[in-house]
Amino acid sequence: MPNEARDLADTGHDLGMALAALPRPLLFRRGRVPVYPDWVTDADGHPVPTLVPLTSAAARTHFSNQIEFWKTKFDQRTESERRVTVTLSKSECEGLLESRQLLEQLPEITALHPRPLPIFNADGTLRLLPVGYDAPTGIYTYGTATIT
């Protein structure tokens, strides 16, 4: 978290690195907008895959079960520093989500597919896109009504 020794850019970079290291990404980017894949219901009640922009309000809890934010506090009673888990403030979230340092760490989604489709690799071989994010193409494939 930002403090006297670290600024918001440092925190954005560290958050981006932590998100990139997760086995299943929690956040992507579409251009300069942080997004996450989800399902919405259309007018007929059918699930439709979509990319949801991550707002600062939603970001406060979006990462909470995967990433822990903390600040260092000085305990006068014990005369020592300790880490305290915190929830991001709205202004910290706004700054992080606009941070170039965070955005450049996030994988970019170039297209969405509701089902796995065949594509040609650069070497001319044919393959089926995997469900989830395909890093070489930047394509996110949903595959089912739940995110895998």
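For Arg60 and Ala43, compute 0.36 nm times the residue count separating them, minus their Cα-Cα distance, and round to one decimal in nm. Provide the component values of the computation, followed by the final result.
Numbers: separation 17, 0.36 × 17 = 6.12 nm, distance 2.94 nm.
Gain in length upon complete extension: 3.2 nm.
Tell me the net charge near Leu106. Cut-off is 12 Å between Cβ atoms, Leu106 excluded, with +1 for each Lys or Arg and -1 for each Asp or Glu. Before the final figure, lay out the partial values.
Working: positive: Arg29, Arg30, Arg32, Arg100; negative: Glu104, Glu108.
Value of the local net charge: +2.
What whole number of Å gives the distance from the Cα centroid of region 78-92 to the Cα centroid of region 32-75?
Answer, in whole Å: 22.
Full-extension gain between Ile67 and Val33, please, as 0.36 nm times their residue separation minus the C-alpha to C-alpha distance. Walk me through the numbers on the way to the answer.
Details: separation 34, 0.36 × 34 = 12.24 nm, distance 2.02 nm.
That pair, Ile67 and Val33, stretches by 10.2 nm at full extension.
Given labels modelled 7 Å from the Cα in the Cβ direction, how far is it in nm from Phe74 to Asn121?
5.8 nm
Tabulate in residue order the Karplus-calculated ³J(HN,Hα) for region 98-109, using 6.51 cos²θ - 1.76 cosθ + 1.60 with θ = phi - 60°, rounded to whole Hz; enter x for Gly and Pro.
Couplings: 9, 6, 4, 5, 6, 4, 6, 8, 7, x, 8, 8 Hz.
Leaving out ligands, DNA and RNA, what percent of the accessible area of the chain is carbon and sulfur, probe 1.4 Å?
Summing carbon and sulfur atoms, their accessible area is 52 percent of the total for the chain.
Once amide H atoms are built 1.01 Å from N in the peptide plane, which residues 5 or more positions from Gly132, or in another chain, come under 5 Å H to H?
Long-range HN contacts for Gly132: Thr141, Tyr142.
Can you compute 3J(HN,Hα) from phi for each residue in region 43-49, using the Karplus curve 6.51 cos²θ - 1.76 cosθ + 1.60 with θ = phi - 60°, rounded to whole Hz and x for Gly and Pro?
Working through the residues one at a time gives 4, 8, x, 8, x, 10, x Hz.
For region 120-130, what does the Karplus curve 6.51 cos²θ - 1.76 cosθ + 1.60, with θ = phi - 60°, yield as ³J(HN,Hα) per residue in whole Hz, taken in order and with x for Gly and Pro?
Once rounded to whole Hz, the list reads 9, 6, 4, 7, x, 7, 9, 8, 8, 4, x.
The values are calculated or read from the model by the stated rules, or taken from the named source; none is laboratory data. Just so it is clear, the structure is predicted and the values come from calculations on it, not from any experiment. No Cβ is skipped: glycine too gets one built from the backbone with ideal geometry, and neighbour counts run over all protein chains shown. Quick note on the areas: whole protein, heavy atoms, side chains included, nothing else; ligands and nucleic acids left out. Shrake-Rupley method; radii C 1.70, N 1.55, O 1.52, S 1.80 Å.
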